[in-house]
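Working notes, structure below.
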Amino acid sequence: MTDVRPVTEAELSDWHRALNTGFLRPPTPTPEQLEARRPQFEPGRLLGAFDGDRCVATFRSFAQEITAVGGATVPADAISNVTVSPTHRRRGLLTRMMSLDLAAAKDRGDVVATLIAAEYPIYGRYGFGPATWTTEWTVDVPRAGLDPRWSGPADGARIDLVDAAEVRKAGPELHERVRRARPGAVSRDDLWWQASTGVVRFNDWTEPYYVAYRSASGDVEGLVSYQADDAWHGNQPQNTADVNWLIASTPAAERALWHYLCSIDWITKVKSGPRAPDDLLPLLLPDPRAARVTTHSDWLWVRILDVVRALEARTYDGTGTLVLEVVDRQGLAGGRFRLAASPAGASCTPTNDDAELVLDIAELATLWLGDESAARLLALGRVREVREGAAQMADALLHTPGRPWCPDLF
């Protein structure tokens, strides 16, 4: 029988070979890849499936914080590097690794588990639901209507090209401010900033450009990382700027950074990279139709491990009570709960009262960050009303006007 267990540090190279195989990369890890991976080794949180001495499936989790509605953060079990080698599919290896990890996360006191799903059908059966979405735009710069002669923001603010060291210095504090204002955003550790600036290299690396927006007081309120191609049509440059990431703590910073990208000589297209579905970008352009949606997809998936703490961690604009029957086939977080919420706070307690709304733990995850509508789920047959109007009450309590978003891929 294939053995599923934690990986030792001595087995990291074999684990990485299986990881590369699953992701269709050249199988043998380079010394640089192994060195980059070693800081991620945490005993017990790197799992593998072994057929004899060969690793044939991989799984990694790490500590993370996720922002709930209202700005509070909760501890999360972030899941990544999930693969099963093509020789060992359909043998339940992912289920065994997932069960081990989620049980450990529950014991640690993590409120939720998170992941970015490469394939939609896989993770619902483990209680995960898509909780945020992402949109990418391609901006046709000549059509956008922005002044290409633009030389910088007004009111004493400025745009500066900066180096990687300055990004590592200013970025973490800026990101902390931004992520606490956006439900669904997750924490970034030092390794994220090192990988994003080339200090640590998991794969091939091309140095990007970095630009900072500084307010009149000199504070960094925005950063963008981007790259550009070298495309000519005849004797005319037709270059594209690809945004790796852009973070801004103020609308002024966001506006100025996008305007900068659209005013670079030779750039005729700007690819936004993953953005929130309700991002300001299209409406920052005089002609919003110049920003064409090129990707719109589910992004961050959430699995609730503690219903009480998850629902009490967030804030509520509406006032009301609702008894939820939460079905959890893994037996980790199901039960019947009475949610009493108002703008002043919320309590969620186990109860024997009659259920008003019945839903799977995965559907609760889609509602938790405020993006999905219980009424939509009712129409789809994915929640069941025991009391008429319960889905409408759920929306009044849980739905939010601004959409959650996770800027990160992990």
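Some points to look at:
- Placing +1 on the Cβ of every Lys and Arg and -1 on the Cβ of every Asp and Glu, with nothing else charged, gives the chain a dipole about its Cα centre of roughly 580 debye.
- Rounded to the nearest 20 debye, dipole of the range 331-388 from Cβ charges on Lys, Arg, Asp, Glu: 60 debye
- Entry comment: accessible area of the range 117-224 is 51 Å² per residue, from protein heavy atoms only and a probe of 1.4 Å.
- The GNM of the chain, with springs linking C-alpha atoms under 10 angstrom apart, assigns the highest mean-square fluctuation among His175, His259, His233 to His233.
- Pairwise centroid distance, computed over Cα atoms, of the range 251-310 with the range 312-390, Å: 30 Å
- Candidates Thr240, Thr83, Thr206, ranked by Gaussian network fluctuation over the chain, Cα under 10 Å, top entry: Thr206
- For the range 16-120, trypsin sites (Lys or Arg not before Pro) meeting the loop criterion (DSSP other than H, G, I, E, B) and having at most 14 other Cβ atoms within 10 Å: Arg89, Arg90.
- Counting only protein heavy atoms and a probe of 1.4 Å, the accessible surface of the chain is 50% carbon and sulfur.
- Taking all protein chains as shown and a probe of 1.4 angstrom, Phe41 keeps an accessible surface of around 40 Å².
- Computed E for Arg376/Glu35 - FRET, C-beta separation, R0 51 angstrom, nearest 0.05: 0.60
- For the chain, dividing the convex hull volume of the Cα atoms by the residue count gives 166 Å³ per residue.
- Overall form of the range 154-302 per C-alpha gyration tensor (a/c, 1.5; a/b vs b/c): rounded
- Extension gain, Asp219 to Ser297: 0.36 nm times the residue separation minus the Cα-Cα distance gives 24.7 nm.
- Across the range 148-160, rounded Karplus estimates of 3J(HN,Hα) from the backbone phi angles (6.51 cos²θ - 1.76 cosθ + 1.60, θ = phi - 60°) give x, 8, 3, 10, x, x, 9, 6, x, 6, 8, 10, 10 Hz, Gly and Pro being marked x.
- Descending Cα extents along the principal axes, the range 47-205, whole Å: 63, 36, 33
- In the chain, helices alone account for a calculated mean residue ellipticity at 222 nm of -7000 deg cm²/dmol, with every DSSP H run of four or more residues adding -39,500 (n - 2.57).
- Cβ-Cβ FRET estimate between Thr351 and Ala154, R0 fixed at 60 Å, reported to 0.05: 0.60
- Anisotropy class of the range 318-378 from Cα gyration tensor, a/c 1.5 cut: oblate
- Of Pro277, Pro43, Pro350, the one that fluctuates the most in a GNM where the chain has Cα springs shorter than 10 Å: Pro43
- GluC sites (Glu not before Pro), loop per DSSP, at most 16 other Cβ atoms within 10 Å - longest free stretch of the chain: 120-387
The values are calculated or read from the model by the stated rules, or taken from the named source; none is laboratory data. Note that the structure is a prediction, hence the values are computed from the model and not measured. Don't worry about glycine lacking a Cβ; one is built from the backbone with ideal geometry, like all the others, and counts go over all protein chains shown. Areas reflect the complete protein model, heavy atoms only, side chains present, ligands, DNA and RNA absent. Shrake-Rupley method; radii C 1.70, N 1.55, O 1.52, S 1.80 Å.
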